[in-house]
Amino acid sequence: MASSGEISIEDAPATFKSFVWRHFGYPVVTINGDRVTDKTRTICKHCKKISPYTSANTSTMHRHLQNHHRSLLDQHENPQNRHRPPRNHRKSLFKPAAVAVKAEPSRQTEPPQLPQLTDRAAEITRDIGIFIAADLTPFSVVENVGFKRLLNTLEPNYTIPTRGHFSHTVVPSLYKECKTRVVQVLKDAESVAMTTEAWSFRGANMAEVLLEAVSEWELKKPNRSIAIVTDDVDNTEVAVRQSPTAAAVLKFKQKLLQLPCQALSTDVRTRWNSTLDMLSRYLEQQAAIAGALSSPDLGLNTQIDALDSNDMRDTEDLVRLLDPLKTATTVLCEEKSPPVSLIVPLKSMIEQSMTPNHDDSTTVADTKRAILSNISGTYSGDIYNFLLECTALDPRFRTLPLLDGNQREAIFLRVQKKVKRLQTQTLAAKKTQQKAEEATPSHGENWDLKSESELTEPASKKTALEDLLGDSFSPEPECSNVSEQIRREIEHYRREASIPLSSCPLRWWKENSPQYPLLSPLAKAYLSIPVTSVPSQRVFSAAGDIVNAQRSQLLPEHLDMLIFLNQNMTV
């Protein structure tokens, strides 16, 4: 740490690769005897000018060097000052055998182990690419001294390729291989559903983007519809920055009062449970917050309106009231692929917890009414009927205990009609495909002409046992009426015991589909629909992990490949 008069300078972390950090650092101030690093600003080590700093953005520092310290910038950009790494005279595993081995006199033969070494080099190079994608590691890792030393220890004869080789050759090859596998899985899937974030389509036609995705991933299939789950919330950018001075004062008060040293939470409209987290954190830290607000170090000249006893009681009641909502959202987030059949049971649980009580305060009563109004307006009409059908086809909730007998019968009657409609569409699609195949001549095949007697199969003869006991023990004839067969499958399904809540409904239908050949296709189609757009949000979280200070100039196509491989590649 460098010091300049009354201002100390803390160097940036070694992981920050931009050359500007050689000339800049973070200013350090002292509050209540504690040294606090202000990472919202940077300070020039040469002229001590302090400038605002946004994470991963070095343009302000670069512009300062250009305007005030041009010689330092010229020295960095002069190619003559760059050191060229020494040539490695050892044989390279990465080079192909034809390049790595020179022609020798005829009395010498090529070492037999060289092709194996070349294959070994290709394997190492591929695994480095997998390491970069799976662990969200920058391409520049292949240029790090420590990484090179590790590879040299493990395989001295291996020469690591350049970062450009990994970004332009290795990772694209892995992407193509993985994409081919995923496309084939999607082709073979009986049902497919898509999730997306609505804000990502601003400035673009959502329908066009989705149709392009359907085409790229070859999702279109006869008699297969695609459900799309999207977040329709009008997302707005929320940026909350806390003063480093206020944070230091709060931390000092937390230590003094022996409270957990945690930052305050903020209510964010598009983030689940943020209101509950904010209120819970305030109740936990209220003493430290009050002490910090009254501290002269903050220089607050205005009177602070603190919460009175009624406000605190309302806050405690709201925390208890919102806890079931957090439980519901936790259920949706913990499951890897939560099906849409969870909505009705969770909605019923929330409605029960929001039942008015005569002991409710005005704030709690108003909150309950607002929550119930929001829920009732979200799911109604045909959408709610569809959700009820999804719940009925989930073997965990098939008994529908929250409904009366007439409602349950009405739901399964609608299911029966939809199964019949789906069966009709499936048979029609098969006939159309069969006609198309029959109309397409086969090329290059030799047809053997056979006599009519050879083409006609002889009638099967009854065995002696069938002739003796066939009339009394003949198998039950198959139901020729499709509607009747569907009705039998539904009755049999409703009589079965519900499976545990921790079980996977889709796996149950996969294992039991032979018993329900007509009912299972509809159940799989419904239960493959995700209940939220969280999967797409997790993709954006992965993008945030990839794009950081070390990879602020990552090309969009490389970012897409890394995200796809990270989410779909099996290591």
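The values are calculated or read from the model by the stated rules, or taken from the named source; none is laboratory data. Values in this document were obtained by computation on a predicted structure and should not be read as measured data. Please note: Cβ atoms are built from the backbone with ideal geometry, for glycine as well, and neighbour counts cover all protein chains shown. Calculation scope for accessible area: heavy atoms of the full protein, side chains included, ligands and nucleic acids excluded. Shrake-Rupley method; radii C 1.70, N 1.55, O 1.52, S 1.80 Å.
Yes or no, residue by residue, for (1) open to solvent by 40 Å² or more (accessible area, probe 1.4 Å); (2) at pLDDT below 75:
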site	(1), (2)
GLU491	yes, no
LEU506	yes, no
ASN512	no, no
LEU522	no, no
PRO556	yes, yes
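Considering only residues that are surrounded by fewer than 17 Cβ atoms within 10 Å (Cβ to Cβ), closer than 15 Å to THR329 by Cβ and polar (S, T, N, Q), which ones fall in segment 267-286?
Across segment 267-286, the qualifying residues are THR270, SER274.
I'm trying to understand the selection: among the residues of segment 183-211, which are part of a helix (DSSP H, G or I), at pLDDT 80 or above and not aliphatic (A, V, I, L, M)? Break it down into steps so the answer makes sense when it comes.
Quick first cut of segment 183-211, residues part of a helix (DSSP H, G or I) only: 183-188, 198-201, 206-211.
This time we only want the ones that are at pLDDT 80 or above, so: 183-188.
GLN184, LYS187, ASP188 - these are the residues of segment 183-211 that are part of a helix (DSSP H, G or I), at pLDDT 80 or above and not aliphatic (A, V, I, L, M).
With the requirement that a residue be under 24 Å from ALA248 (Cβ atoms) and either part of a loop (DSSP other than H, G, I, E, B) or out of contact with any strand residue (DSSP E or B) (no Cβ under 7 Å at 6 or more places or on another chain) (or both), what does segment 36-56 give you?
Residues of segment 36-56 under 24 Å from ALA248 (Cβ atoms): 36-45, 48-56.
Across segment 36-56, the qualifying residues are ASP38, LYS39, THR40, LYS45, LYS48, LYS49, TYR53, THR54, SER55, ALA56.
Run ALA306 past the list (1) open to solvent by less than 70 Å² (accessible area, probe 1.4 Å); (2) over 26 Å from the mean Cα position of the chain (by Cα) and report the number of the one that doesn't hold.
Of (1) open to solvent by less than 70 Å² (accessible area, probe 1.4 Å); (2) over 26 Å from the mean Cα position of the chain (by Cα), only one is false for ALA306: (1).
Is one or more of the residues making up segment 343-361 within 30 Å of GLN416 (Cβ to Cβ) and of a type in the set (Gly, Ala, Ser)?
Yes; the residues of segment 343-361 include at least one that is within 30 Å of GLN416 (Cβ to Cβ) and of a type in the set (Gly, Ala, Ser).
For segment 160-186, what are the residues that are under 20 Å from the mean Cα position of the chain (by Cα), open to solvent by 30 Å² or more (accessible area, probe 1.4 Å) and hydrophobic (A, V, I, L, M, F, W, C)?
VAL185, LEU186
Kindly indicate the residue of segment 2-35 that is at pLDDT below 80 and open to solvent by less than 50 Å² (accessible area, probe 1.4 Å) and also nearest to ALA248 (Cα to Cα) among those meeting that condition.
The residue in question is ILE31.
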